[in-house]
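Laboratory data are not the source of any read-out in this text; all were calculated from the coordinates shown. If you're wondering where the values come from, they're calculated on a predicted model, not measured in any experiment. Methodologically, a virtual Cβ is constructed for each residue, glycine included, from the backbone with ideal geometry; neighbour enumeration extends over all protein chains shown.
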Amino acid sequence: MKKSIDAPLVPVAFIFFGLASLFSAVKTGKVTNFIVPVIFLSLAAIYLHTSLFGKYRIISSVVNELNIKSDAQVLDLGTGHGAFLVEIAKKDCSDQGKLLELIFGISKIKPIIHLKVLKKLLMSNI
């Protein structure tokens, strides 16, 4: 799964305002003016780390705690990037070819199909 930055304009804004305020702080020379740039640049670093690494560590630990059996059927509604499904597939799939099929199959399914399948499942169990 390709890792990407969520809402990429947020860290860009943090970095922009951090550098702009850093330039201003250097220009004035006051030590107290360096607080704002440090905050903005720290926020950018934290945001990037969380978006690229932190959330995947959390997803991995949640999937490990769920103890999902290898023959279980999993329905992930509102998958977004499908990170949970990919992690579940990685955990329970020893065959790498099957794993690739699962991962690439996720991205080809359109949300409208999900809704139709879900309606059928709900109607059949009533």
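In square nanometres, what is one fourth of the surface area of the convex hull spanned by the alpha carbons of region 1-67?
Numbers: hull surface 22.3 nm².
Approximately 5.6 nm², given one-decimal rounding.
Given a Förster distance of 25 Å, report the FRET efficiency between Ala20 and Ile59 from their Cβ-Cβ distance, rounded to the nearest 0.05.
Details: r = 35 Å, r/R0 = 1.39.
Computed FRET efficiency for Ala20 and Ile59 comes out at 0.10.
In nm, to one decimal, how far is the modelled label at Leu66 from the one at Asp6, with both set 7 Å along Cα→Cβ?
Reported label-point gap for Leu66 and Asp6 is 1.7 nm.
Based on the mean of other beta carbon atoms within 10 Å per residue, what is the order of 26-39, 9-22, 45-58, most packed first?
On the way: 26-39: 12.3, 9-22: 15.8, 45-58: 14.2.
Top to bottom by mean Cβ count within 10 Å: 9-22, 45-58, 26-39.
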